[in-house]
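So the structure is just underneath, and the comments pick up after that.
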Amino acid sequence: MRLATVDLTQVTRDALAEWEPRLRVAGLTVVARLADPVWVRADAGRLHQAVGNLLANSARYCRPGDSVTLIVSADDGQAVLCVADTGPGITADELPHVFDRLWRGRDAAGISGSGIGLALVREIAASHGGTADAASLPGQGMTIAIRLPVARRPDPGRAPGASSGSGGFGLRG
């Protein structure tokens, strides 16, 4: 991984810019509630991949007329990215398995995908000292939340990712 102090809000904007045309073609309404910069110590490319995987799932599983909402915020020392949709959701008995590698739900038949996207999302979050969680009610959509430790804002005199000698940038040890 190539760690740097990066803005989770900007990473999310960039991924959304890439995926928004496909989401609109799928007939989805996209809502973005993105905070001012939320700094994390991370590999921007890997975070971009995680956001893209979440948006790909929304494009696959939601129905025309559904909506996808992206929210980035900072809360109690954590950067939080939520991707919530109003799609079909998933049953309570299947919910604990959504991050299992190669697992696909009962209703996934006929929908493209390998069952690896959400497993990668959780692995990416964990590799950055964070977590990924899912919540869903059948017929009311799915919410995936990625939580990462907040990093100190980069020193304006330094390039983002440059070492400040402090080492941790907010990562829990």
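Between a residue in the range 71-85 that is more than 20 Å from Ala126 (Cβ to Cβ) and any residue that is among the basic types (Lys, Arg) and surrounded by fewer than 20 Cβ atoms within 10 Å (Cβ to Cβ), which pairs come within a Cβ distance under 6 Å, given they are 6 or more apart or on different chains?
Correct list of pairs: Ile71/Arg33.
For the range 6-15, indicate whether the set of residues that are surrounded by fewer than 18 Cβ atoms within 10 Å (Cβ to Cβ), in contact (Cβ under 8 Å) with a residue 60 or more places away in the chain and either within 22 Å of Pro154 (Cβ to Cβ) or of a type in the set (Asp, Glu) (or both) is non-empty. Write out each step before concluding.
Narrowing the range 6-15 to residues surrounded by fewer than 18 Cβ atoms within 10 Å (Cβ to Cβ): 10, 13-14.
Narrowing the set further to residues that are in contact (Cβ under 8 Å) with a residue 60 or more places away in the chain leaves none.
Checking the range 6-15: not a single residue is surrounded by fewer than 18 Cβ atoms within 10 Å (Cβ to Cβ), in contact (Cβ under 8 Å) with a residue 60 or more places away in the chain and either within 22 Å of Pro154 (Cβ to Cβ) or of a type in the set (Asp, Glu) (or both).
Search the range 16-26 for residues being charged (D, E, K, R) and more than 14 Å from Ala50 (Cβ to Cβ), and hand back the single one that is surrounded by the fewest Cβ atoms within 10 Å (Cβ to Cβ).
The extreme case among them is Arg24.
Identify, from the list Gly157, Gly113, Gly89, the residue that is at pLDDT below 80, assigned to a loop (DSSP other than H, G, I, E, B) and at positive phi. Before you say what the answer is, go through the steps one by one.
Values: Gly157 fails: at positive phi; Gly89 fails: at pLDDT below 80.
Step by step, each of Gly157, Gly113, Gly89 is checked, and only Gly113 is at pLDDT below 80, assigned to a loop (DSSP other than H, G, I, E, B) and at positive phi.
Which condition number does Arg2 fail, the rest of (1) surrounded by fewer than 16 Cβ atoms within 10 Å (Cβ to Cβ); (2) assigned to a helix (DSSP H, G or I); (3) modelled with pLDDT under 95 being met?
(2)
Has the range 57-75 got any residue that is assigned to a strand (DSSP E or B) and either acidic (Asp, Glu) or over 15 Å from the mean Cα position of the chain (by Cα) (or both)?
Yes.
Checking the structure you have, find out if any residue of the range 20-42 is under 15 Å from the mean Cα position of the chain (by Cα), at pLDDT below 95 and either assigned to a helix (DSSP H, G or I) or polar (S, T, N, Q) (or both).
yes
Does any residue in the range 51-68 that is within 14 Å of Val121 (Cβ to Cβ) come within less than 6 Å, Cβ to Cβ, of a residue that is at pLDDT 95 or above and among the small types (Gly, Ala, Ser) six or more places away or on a different chain, and which pairs are these?
Val51/Ala15; Gly52/Ala15
The values are calculated or read from the model by the stated rules, or taken from the named source; none is laboratory data. This is a predicted model, so every value here is computed, not measured. Neighbour counts are summed over all protein chains in view; Cβ atoms, including those assigned to glycine, are modelled from backbone coordinates with ideal geometry.
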